[in-house]
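Structure first, commentary second.
The values are calculated or read from the model by the stated rules, or taken from the named source; none is laboratory data. As the structure is a computational prediction, the values presented were derived from the model and not from experiment. Backbone-built Cβ (ideal geometry, glycine too); neighbour counts: all protein chains shown. With ligands, DNA and RNA removed, areas are computed over all heavy atoms of the protein, side chains included. Shrake-Rupley method; radii C 1.70, N 1.55, O 1.52, S 1.80 Å.
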Amino acid sequence: MTRRLAVTGLVASLVAALASVPLAQASAPAAIPEPPKQAVAVGRGGAVSSVDPYATEVGLRVLRAGGNAVDAAVATAAALGVTEPFSSGIGGGGFFVYYDHRTGRVRTIDGRETAPRRMGPTAFTENGVPIPFAEAVVSGLSVGVPGTPQTWAEALRRWGTYDLRQALAPAERLARRGFVVDDTFHQQVVDNAAKFATFTPSSELFLPGGAPPAVGSAFRNPDLAATYRLLGRDGVHELYRGQLARDIVHAVRTPPVAPGTPADVRPGLMRLRDLATYDAPLRAPTHIRYRGLDVYGMGPPSSGGSTVGEALNILDTQRLPAYRPALSLHRYLEASALAYADRNRYVGDIDYVPVPLRQLLSQGFADERACQIGPRAAVKPVAPGVPDGDYSACGAAAAGGAPDTKGQSTTHLTVVDRRGDAVSYTLTIEQIGGSGITVPGRGFLLNNELTDFNFAPTQGDAPDPNLPAPGKRPRSSMSPTVVLDHGHLRLALGSPGGSTIITTVLQVLVNRIDLRLSLPFAIAAPRASQRNTPSVTAEPAFIATYGAALRARGHTFTQMPEIGAVEAVEVLPGGRLLAAAEPVRRGGGDAGVVRRR
């Protein structure tokens, strides 16, 4: 089976390849056949956009059955835990942004993982030297207390109409009957085969017979199906206080290392009390005004809302003409670098460090930072500003730290229901495959989220906001975003991609709002990410299209094959919904609507 997305109109040079993308065929009759995959859908009655056609179809079925956006978001996320287990699942965490059309309010749940109570600022050092990053990832030491199950329970309790059993039932069935392995799933196992081979249950699940599942074969996970059934029947307290909690702690403290593995797998610090005391609190969303629109995001410990918001405030002082894209992109890149400098210096877990969030998102601070944008690129890294409330001229510079360029395997989904409620939800287990540790007999991978902490101070003499501490949540770049127009939903979006998530969401917003691209084109356009680094990380198509003009302004480039994987829904005039997913990146996403018309 093949699908072809036809693209017409302006900006064809921005789309490298919206061509035929083959879909795998089920080789086992018992497996659930793969739904058709499409990058764009327009219609009414509700919409879902995710990275996977199985997950999107699960969400749409919930909406068709009368469930609301929250019900569909949880069901979609649970399905992603089956088909995208290397990016998400109940062993990880995330950030849930919810818009209530009736009240016009945006609410957020912080489902970020927490450090064990025994973890201190030197946890990732030995003899005063940071542990090699790759060794820290593949260890019990990297595993934070999972937040995803509590996030689902909290969202359903507050705003859903389904109970957890109803929300998990479609994913349980999918895990039990199986799904068709596609190129992305197969390649992610290939790329992480050494990690999975380190642990007996991971090897048995993802390397059956010693080899990755073949493209087109059926992949089943009966252990995960049983785990979903357990959580649906007994509630998430089973994962935080019951036998499942004990299984997680045992896997973290005594990783199930395969016999003969050469890896030095460090044990973790998690205890039962860490799970029993976990909380997924409500957080106030970030909020800024941009070009007359209200942009809401996730507050600390995510740096997504503050950094996207600050960059937009900076850009609000600039003209971004659509007829001069190179100039507009130059200003976008410079604003990104300035906002990243402030993110690295000031943002961490707001329960542990005094994040000056109000000032970071103030227009006065943005005006002070914007005056540093000139016709040529500044030498990077630029120094952070001083968000002290006293803004004039270009302001003072503060001591800054090293840029954050960590990668991350994450997933995102966006749902809008027939009432106009919306969810933008980004969830993760950190690296592709997380820590590599599958909980024996439970069918899910544990995160390596604690490697998002800085292993050693990076701020010179200034306090480092992102060092480990007992119960602390590591800083994240996840940026689930909701845009309102006079209190009504206009757009909801998000992306995976580690520290490039922020710039991906920011660039799509600039593409859509300032450069006037349609949402599918805004998503498909080639991307570049400036995270206050000496060179701009950019996709080949971006360099081919804009490289010469931007080099003339002083920018240099480092090539990356692809950046991000956006999933979004826009409300069109007249109330129709446009769901849009990546057409090519990460194998292409899937967008759907309840009724096409």
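Going by average Cβ density within 10 Å per residue, which order do the peptides 74-83, 355-364 take, highest to lowest? Write down the numbers at each step before the final one.
Numbers: 74-83: 30.2, 355-364: 18.7.
Ranked by mean Cβ neighbours within 10 Å, highest first: 74-83, 355-364.
Surface composition of the stretch 115-205: carbon and sulfur atoms hold 50% of the protein heavy-atom accessible area at a 1.4 Å probe. Close amide H contacts of SER409 (hydrogens built in the peptide plane, cut-off under 5 Å, sequence separation of 5 or more or a different chain): GLU430, GLN431, ILE432. Would you be so kind as to identify which of THR411, ILE432, THR125 lies farthest towards the positive end of the dipole of the chain, taking Lys and Arg as +1 and Asp and Glu as -1 on Cβ and the Cα centre as origin? With unit charges placed on the Cβ atoms, the residue in question is THR411. Is the shape of the stretch 384-541 rounded, prolate or oblate, going by the alpha carbon gyration tensor and its root eigenvalues a ≥ b ≥ c, with a/c under 1.5 for rounded and a/b larger than b/c for prolate? Oblate.
Tell me what the chain gives for mean residue ellipticity at 222 nm when only DSSP H runs of n ≥ 4 count, each as -39,500 (n - 2.57), the sum divided by the residue total, rounded to 500 deg cm²/dmol. Each step should come with its number before you reach the end.
Working: 19 runs with 186 residues, N = 597.
Taken over the chain, the calculation gives -9000 deg cm²/dmol.
Rolling a 1.4 angstrom probe over the protein heavy atoms with all chains in place gives the stretch 275-371 an accessible area of 30 Å² per residue.
Note on the chain: with charges restricted to the Cβ of Lys and Arg (+1) and Asp and Glu (-1), its dipole about the Cα centre is near 1300 debye. For the stretch 461-594, the solvent-accessible area works out to 27 Å² per residue, with a probe of 1.4 Å and every protein chain left in place.
Nonpolar atom fraction for the stretch 523-597, defined as the carbon and sulfur part of the 1.4 Å probe accessible area, stands at 56 percent.
Each Lys or Arg adds one and each Asp or Glu subtracts one; over the other residues with Cβ under 11 Å from the Cβ of GLY292, this totals 0. Which Cα, out of ALA78, LEU327, TRP159, lies furthest along the positive dipole direction of the chain (beta carbon charges, K/R +1, D/E -1)? The listed residue farthest towards the positive side: TRP159.
Across the chain, Cα-Cα pairs farther apart than 42 Å form 15% of the total.
Hey, any idea what % of the stretch 279-350's accessible area is carbon plus sulfur with a 1.4 Å probe?
Carbon and sulfur atoms account for 49 percent of the accessible area of the stretch 279-350.
Take every Cα pair under 8 Å whose residues are at least 6 apart in sequence, average their separation, divide by the length of the chain, and the relative contact order is 25 percent. In a reduced charge model with +1 at each Lys and Arg Cβ and -1 at each Asp and Glu Cβ, the stretch 43-199 shows a dipole moment near 700 debye about its Cα centre. Go through VAL295, ALA211, GLN318 and say which Cα lies farthest out towards the positive end of the charge dipole of the stretch 198-324; charges sit on Cβ, +1 for Lys and Arg, -1 for Asp and Glu. The residue sitting most towards the positive pole is GLN318. Net charge of the neighbourhood of LEU320, taken over other residues with C-beta under 15 Å away and scored Lys/Arg +1, Asp/Glu -1, is +4.
Give me the distance between the Cα centres of the stretch 406-439 and the stretch 120-181, rounded to whole Å. Centre-to-centre distance over Cα atoms comes out at 10 Å. Charge tally for LEU509 (other residues, Cβ to Cβ under 15 Å; Lys, Arg +1; Asp, Glu -1): 0.
How do 489-501, 316-328, 457-469, 341-353 rank on mean C-beta neighbours within 10 Å, highest first?
Taking the mean over residues of other Cβ atoms within 10 Å, the ranking is 489-501, 341-353, 457-469, 316-328.
Between the stretch 541-567 and the stretch 268-305, the alpha-carbon centres lie 30 Å apart. Can you tell me which aspartates and glutamates have their Cα less than 17 Å from the Cα of LYS37? Leave out same-chain residues fewer than eight positions away. In chain and number order, the partners are ASP52, GLU57, GLU84, ASP182, ASP183, GLU567, GLU582, ASP590. Legend: translational diffusion of the stretch 118-175 by Stokes-Einstein, Rh = Kirkwood radius over C-alpha pairs, 4 °C, 1.567 mPa s; D = 88 µm²/s. Protection proxy ranking of 89-101, 267-279, 221-233, 583-595, by the mean of other Cβ atoms within 10 Å over each peptide's residues and highest first, is 89-101, 583-595, 221-233, 267-279. Heavy atoms of the protein chains alone define the surface here; on that basis the stretch 94-211 has 39 Å² accessible area per residue at 1.4 Å probe size. Our note on the geometry: Cα centres of the stretch 56-113 and the stretch 320-396, 32 Å apart. Across the stretch 248-359, the mean sequence separation of Cα contacts (distance under 8 Å, 6 or more residues apart), normalised by length, yields a relative contact order of 17 percent. Rounded to the nearest 20 debye, the dipole magnitude of the stretch 461-597 is 300 debye, with +1 charges on Lys and Arg beta carbons, -1 on Asp and Glu beta carbons, and the Cα centre as origin. Contact order for the stretch 535-583, expressed relative to its length and based on alpha carbon pairs under 8 Å spaced 6+ residues apart, stands at 34 percent.
Sequentially through the stretch 524-532, phi angles give Karplus couplings (6.51, -1.76, 1.60; θ = phi - 60°) of 6, 4, x, 10, 9, 10, 10, 10, 6 Hz, Gly and Pro residues having no value and appearing as x.
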